[in-house]
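Input: a single structure, listed below in C-alpha cells.
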Amino acid sequence: TQLLEQSPQFLSIQEGENLTVYCNSSSVFSSLQWYRQEPGEGPVLLVTVVTGGEVKKLKRLTFQFGDARKDSSLHITAAQPGDTGLYLCAGPFRGSARQLTFGSGTQLTVLP
Amino acid sequence: SQTIHQWPATLVQPVGSPLSLECTVEGTSNPNLYWYRQAAGRGLQLLFYSVGIGQISSEVPQNLSASRPQDRQFILSSKKLLLSDSGFYLCAWGGDAGANVLTFGAGSRLTVL
C-alpha cells in the first residue's frame, strides 16, 4: 500500500516566521502534488513536481521533490495569515494515471 | 473554463434516511470524476471514481453507492445513512488522462444524527 505521511500534523506560527512541512513515503512516486484547502472549501492545486530533485517556487512557497522521488517538502518564507489552511500532498495511487492518494495533511495556522 | 458544482452544500439527516449528493461539471467532456470523503481537518479518502457514463469503480466497501447517469453528472447515494457516514464529501474531476491533476468542488458537509 502506498502511504503518504505528512508532518507535522499541526503547526501554529507567528506572522513573518519561516516553516517547512514534509511529505514522506516508502514508495517511489512518478509525481507529487501539493494542495491547499481552506475551511469549508475543496482543495486547490498549488504545484506538481515530477523530476527527482526538482525545486519549484510559487512566490514565498518553495516546493522540493526528493532525489529518490519518495518525499517532498514545502517551505514557506515569511508566513502570512493568508497562508493559513490545510496543506495536502498527493500522488498517483498504484501508479495509476486516474487516481490520487492523499496524505493526512498539515494544518497550518499563521497568527497575526 | 471548467467549473464544478456540488449540492447541497450542507445537509443534516437522521440515521436510516436516504442520501443523494450531486455533482456536475461544465466546460469539459468525458471527464474522470471522483468522490472523496474527508474527516475533519484530515486527508481525503477516495470513495468512487468514474471514467465514463455508467462506469463506476468503488475503492472502499461501504454504505454508499455512486452513479453517473450523464457524462458530466456524478451522484453519491445511500439508501440508509449511518452515523459513520458523517463527513465532508468532495467531488472532483480529472483533467487530461495521465495529468493526475484534480479540480475539486466546494464540498458537501453531511451530518448524520
Considering residues that are farther than 21 Å from residue A:91 by Cα and of a type outside the set (A, V, I, L, M), the number found within segment B:16-59 is 15
If I go through segment A:67-104 residue by residue, how many of them are touching a residue at least 60 places away in the same chain (Cβ under 8 Å) and either at negative phi or not in a helix (DSSP H, G or I) (or both)? 16
Which residue pairs have Cβ atoms closer than 7 Å, lie 6 or more positions apart in sequence or on different chains, and pair a first residue in segment B:36-52 that is more than 17 Å from residue B:67 (Cβ to Cβ) with a second residue that is of a type in the set (D, E, K, R)? B:45/B:37
Of the residues B:68, B:109, only one is modelled with pLDDT of 95 or more and more than 9 Å from chain A (Cβ to nearest Cβ); which? B:68
May I ask you to verify whether residue B:4 is surrounded by fewer than 19 Cβ atoms within 10 Å (Cβ to Cβ) and either over 21 Å from residue A:43 (Cβ atoms) or touching a Cys at 6+ places or on another chain (Cβ under 8 Å) (or both)? no
Only one of A:53, A:42 is over 13 Å from the mean Cα position of the chain (by Cα) and within 30 Å of residue B:35 (Cβ to Cβ); which? A:42
Selection count where residues are assigned to a strand (DSSP E or B) and either of a type in the set (A, V, I, L, M, F, W, C) or within 8 Å of chain B (Cβ to nearest Cβ) (or both), scope segment A:22-34: 4
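The values are calculated or read from the model by the stated rules, or taken from the named source; none is laboratory data. All values reported here derive from a predicted model rather than from experimental measurement. Note: ideal-geometry Cβ built from the backbone for every residue, glycine included; neighbour counts use all protein chains shown.
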